[in-house]
Amino acid sequence: MCGNNMSLPLLAEAVTVSGTEKETAAVIFLHGLGDSGHGWADAMTAIRLPHVKYICPHAPRIPVTLNMKMTMPSWFDLMGLSPDSPEDEAGIKRAAENIKAIIDHEAKNGIPANRVLLGGFSQGGALSLYTALTCQQQLAGVVALSCWLPLHKSFPQAASASGNRDMPILQCHGEMDPMIPVQFGAMTAEKLKIIVNPQKITFRTYPGLMHSSCPQEMAAVKEFIEKQLPRI
C-alpha cells in the first residue's frame with residue numbers, strides 16, 4: 001500500500017485545534033515516541049493564533065527495537081539514540097510520505113504548502129525535519145524540539161530536489177536532556193547549515209531543561225509561528 005493512502009487515517013484520527021476565524025494557515029505538529037497528539041494539541045491551544053489550524057496526528061503503534069520490541073506509538077523504528085546508531089531508513093521514508101500526504105490534503109482544501117509549518121518533539125521533530133528537507137513543495141518553516149536529523153549521512157544530497165533550501169528552522173533543545181544530549185542537537189544544527197541557508201537557522205538551548213518543553217521555549221515557538229504564518 002502506498003504512503004499516500006495510509007496517511008489519511010493519520011489525518012482522520014488526528015487531534016485538530018480549529019482556528020477561531022477563517023483558517024489561512026496550518027501547523028502540523030508530531031509528538032515523540034510513546035506519546036499521542038493530545039498533549040501537544042493542548043500545548044498548541046495555549047499558544048494558538050486565530051487564523052491557524054493545528055493538526056496533531058497520532059503515530060501508528062509498532063514494535064520498537066530500542067524498547068525491547070515493545071509495541072508503542074512510533075513514527076518509525078528506533079534502534080538507538082546516538083548519531084551513529086543504525087536507522088530504519090524504509091520506515092523513516094514511509095513516515096515522511098505520510099506527512100507529505102497531509103500537506104497535500106491541506107493544499108486541496110485551501111491551505112497551500114507555503115502556509116503550512118511542520119513541527120515536532122523528539123522523534124516527531126526528527127520526522128518534521130526529514131519531511132521538510134525532502135519535500136518538493138515550499139513550506140513555511142519547521143519547529144524542531146529536542147531532536148536530531150534522521151539519515152543525516154544522506155544529506156545534503158537527499159535535499160537536492162527540496163523546495164526548502166531557504167526555509168526558516170527553529171531548533172530548541174534542553175541543556176540537561178539525558179535522552180538526546182544537547183551536543184547531538186548542536187551537531188544537527190551544524191549539519192542543517194550545509195543543507196539550508198544558514199542564516200535561516202535558529203538554535204536555542206534552555207539551561208536546566210531535560211527532555212521536555214518549558215514556557216520560555218513555547219513562547220519562542222509562538223513567536224516563530226507568528227512570524228512565519230502572519231495573518232493574510
Residues of region 193-218 satisfying the condition of being without any contact (Cβ under 8 Å) to a residue 12 or more places away in the chain and part of a helix (DSSP H, G or I): 198, 199, 215, 216
Residue list for region 79-94, filter: of a type outside the set (Lys, Arg) and open to solvent by 10 Å² or more (accessible area, probe 1.4 Å): 79, 80, 81, 82, 83, 84, 85, 86, 87, 88, 89, 90
Scan of region 110-134 for residues that are surrounded by fewer than 24 Cβ atoms within 10 Å (Cβ to Cβ) and within 18 Å of residue 151 (Cα to Cα), ordered by number: 134
Residue 26 open to solvent by less than 50 Å² (accessible area, probe 1.4 Å), of a type in the set (Gly, Ala, Ser), within 16 Å of residue 116 (Cα to Cα) and modelled with pLDDT of 95 or more: yes
Any chance residue 168 is open to solvent by less than 40 Å² (accessible area, probe 1.4 Å) and either farther than 21 Å from residue 138 by Cβ or within 15 Å of the chain's Cα centre (by Cα) (or both): yes
Index of the failed condition, residue 38 passing every other in (1) farther than 22 Å from residue 105 by Cβ; (2) within 17 Å of the chain's Cα centre (by Cα); (3) open to solvent by 50 Å² or more (accessible area, probe 1.4 Å): (1)
Residue list for region 190-211, filter: closer than 11 Å to residue 145 by Cβ and open to solvent by 50 Å² or more (accessible area, probe 1.4 Å): 204
Hits in region 98-109 (condition: under 13 Å from the mean Cα position of the chain (by Cα) and open to solvent by 10 Å² or more (accessible area, probe 1.4 Å)): 98, 100
Subset tally (residues that are outside any loop (DSSP other than H, G, I, E, B) and of a type in the set (A, V, I, L, M, F, W, C)) for region 129-183: 13
Residue identified as of a type outside the set (Val, Ile, Thr) and closer than 24 Å to residue 93 by Cβ among 227, 200, 153, 222: 153
Region 171-200, residues that are among the β-branched types (Val, Ile, Thr) and under 15 Å from the mean Cα position of the chain (by Cα): 188
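The values are calculated or read from the model by the stated rules, or taken from the named source; none is laboratory data. Quantities reported herein were computed from a predicted structural model and do not represent experimental measurements. Note that each Cβ is placed from the backbone with ideal geometry, even for glycine, and that neighbours are counted across all protein chains shown. Surface areas here come from the heavy atoms of the whole protein model, side chains and all, with no ligands, DNA or RNA. Shrake-Rupley method; radii C 1.70, N 1.55, O 1.52, S 1.80 Å.
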